[in-house]
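S.K.: Dumping the structure here so I can ask a few things about it.
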Amino acid sequence: MDLLEYIELVFTDYTLRTITLGTAILGAVTGMLGSFAVLRKQSLLGDAISHAALPGIAIAFLITGAKDTNTLLLGALVSGLIGTFWIRGIIKKTHLKSDTALGLILSLFFGFGMLLLTFIQKQPNANQAGLDKYLFGQAATLVESDVWLMTMVTGLCVIVLLLFWKEFKILLFDADYTKTLGFNTKTIDILITSFIVLAIVLGLQTVGVVLMSAMLLAPAAAARQWTNSLAKMVFLAAIFGAFSGVFGTAVSASQNNLSTGPVIVLVAAVFVIISFVFSPSRGLLFKQIRFIKNRRDLELNKTLAFMHQIAETHEDISHPHTIKILNNFQGYTKGTLQKLVDKGFVTLEGNMWSMTKKGYSTAANLYNQQTNDDE
Amino acid sequence: MNSAQIEIQLIASLVAIACAIPGTFLVLRKMAMISDAISHSILPGIVIGFFITHDLNSPLLIVLAALSGILTVVLVEYIQKTGLVKEDTAIGLVFPALFSVGVIMIAKNANDVHLDVDAVLLGELAFAPFDRLIINGMDVGPKSLWIIGVILLITLILLFAFFKELKVSTFDKGLATSLGFSPAIIHYGLMSVSSVTTVGAFDAVGAILVVALMIAPAAAAYLLTTDLKKMLMLSVCFGVFSAILGYWVAHWLDTSIAGSITTTLGLLFLMVYLFAPSKGIIAVMYREKQQRAEVSLITFLLHLQNHNEVEERHVNHLREHINWQKVRATKVLELAKKNNMIHIENDVVSLTEKGETFTSKAIDYIITNKDAQIEDMKDDFFLFRG
């Protein structure tokens with residue numbers, strides 16, 4: 001299927017349109033909120049919460065006996081919140097560290113959820129089949145009302161973010177200062193955490209318990225590499241998230257036997273890798289290029305300084321010297337000499353070099369920062 | 001109890017012990033989440049191994065899975081070292097990606113593979129006794145029992161051989177390096193043991209239960225003791241206890257054994273979390289309340305010491321001056337009176353001799369910043385605590 005055909009299909013086919021829209025919106029909202037999770041060093045909270053939501057789904061089903069998405073997600077939300085606050089309780093009140101608390105809640109809640117799920121499977125209720133889709137998610141089960149729910153939550157989330165932008169931002173970067181300014185840090189904290197839980201719960205149906213944490217983290221971690229401004233990061237993360245959703249859906253739709261969740265996660269991972277490598281200011285590639293460039297500059301300066309040392313001993317600074325004396329000097333290569341000539345610091349004549357006035361004064365001021373032209 | 005039941009309990013107990021030992025060190029080294037990451041990211045290793053051997057119990061599977069576990073650790077450390085993201089983000093990025101690769105590999109080959117993601121993540125202990133190990137036509141027991149037994153044996157040998165090194169490098173990395181133990185070797189050794197244990201156990205009990213069995217007993221034990229040997233013993237005991245109790249709960253409710261062992265572990269941790277003698281939540285809250293009252297008391301006594309004027313020391317005035325609620329003010333007054341630190345005459349409060357000494361000493365400690373010594377002093381002076 002070629003690209004145009006696919007794009008046409010996205011707009012005409014009900015299922016494909018719903019799934020594409022759903023995953024795009026989901027990616028956007030998780031990317032937005034994920035930025036906060038990443039910056040608050042709560043990256044793994046998403047993993048813990050998504051696992052902790054499982055017993056809530058099971059209990060909601062046990063109580064209502066129906067497989068209505070909204071009630072199940074409500075149950076997931078409640079048990080996710082309980083898990084989150086228990087984690088905070090453990091970290092605050094005992095000497096167990098955050099990683100232990102996260103791992104504990106994650107595995108214990110998930111285990112309890114499994115217990116309930118197997119318990120439900122033994123019940124004589126024909127309705128129970130398909131509850132385990134929440135484990136790995138099934139984007140194909142999205143219907144239009146789910147997308148509406150996601151859109152509503154995303155809208156609410158954007159409004160709250162805009163309303164409390166200042167508070168969220170200041171709490172993120174300087175919690176103590178926020179407190180001294182008189183903000184109720186606890187309320188702000190609970191608000192942002194609740195929204196993170198909400199976003200995770202929304203994604204359970206689509207990408208499932210196990211992979212939800214990556215949806216939260218990957219777009220934010222990718223966006224972080226491109227900017228140092230929170231607003232830009234949140235915006236970029238939303239875009240990365242949305243594109244992961246759209247591309248992931250496209251890839252999994254074009255092949256047989258590919259579940260959407262893992263593909264979306266892998267697409268998001270590709271975004272992360274690209275950002276890690278190619279981001280101009282933080283990326284590995286440009287870091288390496290800068291590193292090599294700095295080393296070259298240093299070598300150049302070392303050669304220049306060495307030449308300056310020799311030139312100093314003569315009354316006439318442009319007194320010619322053989323290139324040979326540079327040979328056993330480490331910073332010297334033919335390339336650096338040529339560069340020096342290009343810069344007009346040195347003139348070459350056969351096997352001899354002599355320093356120019358410009359070169360002499362630059363070399364004299366190399367280490368006292370009088371010259372600013374060497375990048 | 002038939003032999004299958006005994007075998008299941010035996011396997012569960014061995015898994016619990018094999019998990020509790022590396023788990024204790026992971027919790028102490030603040031690397032508990034690594035076990036979660038490993039438990040997920042062994043999936044591609046298992047899948048590739050399965051494609052090659054078409055046997056879920058082959059040793060190659062364990063080797064490949066352990067390798068992909070170690071690959072996770074290396075990747076996490078590499079990403080962390082670039083400084084682009086924090087450690088927890090690095091963990092959160094690596095394992096879902098590897099897990100996705102595994103899931104997709106399974107999905108693409110679904111037709112000729114009898115491997116289920118659910119089976120890997122959740123396991124089914126009830127089926128473990130049916131897969132027998134047969135040597136020379138003789139039935140020597142379930143395969144998983146042998147696998148986990150060997151892993152446990154190796155873990156125990158390593159534990160006894162390197163206990164000192166593990167202990168030092170866990171609590172003081174600098175000292176360990178200066179004594180000539182390489183923290184890197186111990187670190188990767190521990191990671192390898194964790195990976196191998198996870199792989200060996202996943203087949204029987206599932207990846208999530210492995211995480212629970214590693215972290216929960218160790219965390220509960222950590223709330224009860226600060227002695228490494230006692231902590232190891234306790235977490236082993238907790239693990240085995242919940243494994244056996246969990247089995248019977250599952251038997252009674254007719255549910256997944258892994259799920260019910262985890263739930264038992266959860267309840268056990270909840271109990272310890274609530275009722276641990278000095279670090280449990282109730283003890284901590286009680287102590288916090290006590291300290292709040294006693295800090296109020298010291299503030300109150302200092303106020304008395306600073307003011308000789310009668311009107312400043314009038315009972316009613318105190319309430320508005322220090323700005324306390326009525327209940328709190330009454331409580332502090334009573335506490336001070338019970339400890340013979342004040343006496344009240346015509347509604348005017350003044351310090352007794354004992355109160356004077358206590359207050360002077362307390363202010364001394366506060367000024368010199370030796371807050372810890374106030375606790376000892378309280379023992380000397382207080383007849384009743386706050």
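S.K.: Hey, could you check the stretch B:335-386 for residues that are within 35 Å of the chain's Cα centre (by Cα) and outside any helix (DSSP H, G or I) and say which is nearest to residue B:299 (Cα to Cα)?
M.R.: Among those residues, the one meeting the criterion is B:386.
S.K.: A further question follows. Residue by residue through the stretch B:273-293, note down the ones that are of a type in the set (A, V, I, L, M), at the interface with another protein chain (Cβ under 10 Å from one of its Cβ atoms) and within 15 Å of the chain's Cα centre (by Cα).
M.R.: B:276, B:281
S.K.: A further question on this structure: Provide a single number: the residues in the stretch B:137-179 that are hydrophobic (A, V, I, L, M, F, W, C) and in a loop (DSSP other than H, G, I, E, B).
M.R.: The total comes to 2.
S.K.: Restricting to the stretch B:76-112, name every residue that is over 20 Å from residue B:202 (Cβ atoms) and more than 8 Å from chain A (Cβ to nearest Cβ).
M.R.: Hits for the stretch B:76-112 are B:77, B:78, B:80, B:81, B:83, B:87, B:90, B:111, B:112.
S.K.: Within the stretch A:192-200, is even one residue hydroxyl-bearing (Ser, Thr, Tyr), touching a residue at least 40 places away in the same chain (Cβ under 8 Å), away from chain B (no Cβ under 13 Å) and over 12 Å from residue B:96 (Cβ atoms)?
M.R.: yes
S.K.: From the residues in the stretch A:272-287 that are within 11 Å of chain B (Cβ to nearest Cβ) and part of a helix (DSSP H, G or I), which one is farthest from residue B:40 (Cα to Cα)?
M.R.: A:287
S.K.: Among the listed residues B:180, B:137, B:174, identify the single one that is within 24 Å of residue A:98 (Cα to Cα) and surrounded by fewer than 24 Cβ atoms within 10 Å (Cβ to Cβ). Write out each step before concluding.
M.R.: On the way: B:180 fails: within 24 Å of residue A:98 (Cα to Cα); B:137 fails: within 24 Å of residue A:98 (Cα to Cα).
Among B:180, B:137, B:174, only B:174 is within 24 Å of residue A:98 (Cα to Cα) and surrounded by fewer than 24 Cβ atoms within 10 Å (Cβ to Cβ).
S.K.: Same structure again: With the checklist (1) away from every other protein chain (no Cβ under 14 Å); (2) touching a helix residue (DSSP H, G or I) at 6+ places or on another chain (Cβ under 8 Å); (3) more than 26 Å from residue A:176 (Cβ to Cβ) in hand, flag the one item residue A:117 doesn't pass.
M.R.: Of everything listed in (1) away from every other protein chain (no Cβ under 14 Å); (2) touching a helix residue (DSSP H, G or I) at 6+ places or on another chain (Cβ under 8 Å); (3) more than 26 Å from residue A:176 (Cβ to Cβ), residue A:117 misses just condition (1).
S.K.: For the stretch A:224-263, give me each residue that is away from chain B (no Cβ under 14 Å) and touching a Lys or Arg at 6+ places or on another chain (Cβ under 8 Å).
M.R.: A:230
S.K.: Hey, another quick one. Quick check on my filter: what residues within the stretch B:44-70 are closer than 14 Å to residue B:196 by Cβ and surrounded by 15 or more Cβ atoms within 10 Å (Cβ to Cβ)?
M.R.: Residues of the stretch B:44-70 closer than 14 Å to residue B:196 by Cβ: B:45-46, B:49, B:59-70.
Listed by number, the residues that qualify are B:45, B:46, B:49, B:61, B:62, B:64, B:65, B:66, B:67, B:68, B:69, B:70.
S.K.: Hey, another quick one. What tally of residues in the stretch A:90-114 results from selecting those that are among the small types (Gly, Ala, Ser) and out of contact with any helix residue (DSSP H, G or I) (no Cβ under 7 Å at 6 or more places or on another chain)?
M.R.: 0
S.K.: Another question, if that's okay. Just the residues that are without any contact (Cβ under 8 Å) to a residue 40 or more places away in the chain and either under 13 Å from residue B:155 (Cα atoms) or assigned to a helix (DSSP H, G or I) (or both), please, taken from the stretch B:180-205.
M.R.: B:183, B:184, B:185, B:186, B:187, B:189
S.K.: Shifting gears a bit: Which residues, taken from the stretch B:4-43, are surrounded by fewer than 24 Cβ atoms within 10 Å (Cβ to Cβ), touching a residue at least 12 places away in the same chain (Cβ under 8 Å) and not hydrophobic (A, V, I, L, M, F, W, C)?
M.R.: Those that are surrounded by fewer than 24 Cβ atoms within 10 Å (Cβ to Cβ), touching a residue at least 12 places away in the same chain (Cβ under 8 Å) and not hydrophobic (A, V, I, L, M, F, W, C): B:5, B:7, B:9, B:13, B:29.
S.K.: Oh, and also: Examine the stretch B:306-316 for a residue that is of a type in the set (Val, Ile, Thr) and outside any helix (DSSP H, G or I), and state whether such a residue exists.
M.R.: yes
S.K.: Another question about this same structure. Return yes when residue A:79 is in contact with a Pro (Cβ under 6 Å, 6 or more places away or on another chain), at negative phi and hydroxyl-bearing (Ser, Thr, Tyr) and no when it is not.
M.R.: yes
S.K.: Those residues that are over 14 Å from the mean Cα position of the chain (by Cα), farther than 14 Å from residue A:206 by Cα and of a type in the set (A, V, I, L, M), I need them from the stretch A:236-252; list them, please.
M.R.: Selection gives A:250, A:251.
S.K.: Just one of (1) at pLDDT 75 or above; (2) over 19 Å from residue A:364 (Cα atoms); (3) not aliphatic (A, V, I, L, M) trips up residue A:333, so point out which.
M.R.: Exception for residue A:333: condition (1).
S.K.: Which of the following residues is away from chain B (no Cβ under 14 Å), surrounded by 21 or more Cβ atoms within 10 Å (Cβ to Cβ) and under 28 Å from residue B:87 (Cα atoms): A:81, A:26, A:96?
M.R.: A:26
S.K.: Name every residue in the stretch B:251-272 that is more than 8 Å from every other protein chain (Cβ to nearest Cβ) and touching a helix residue (DSSP H, G or I) at 6+ places or on another chain (Cβ under 8 Å), in order of residue number.
M.R.: The answer is B:251, B:257, B:264, B:268, B:272.
S.K.: Considering the stretch B:377-386 alone, what residues qualify as being surrounded by 11 or more Cβ atoms within 10 Å (Cβ to Cβ), modelled with pLDDT of 75 or more and not basic (Lys, Arg)?
M.R.: If the condition is that a residue be surrounded by 11 or more Cβ atoms within 10 Å (Cβ to Cβ), modelled with pLDDT of 75 or more and not basic (Lys, Arg), then B:377, B:381, B:382 are the ones that fit.
The values are calculated or read from the model by the stated rules, or taken from the named source; none is laboratory data. Remember, predicted model here, so these are calculated numbers, not experimental data. Backbone-built Cβ (ideal geometry, glycine too); neighbour counts: all protein chains shown.
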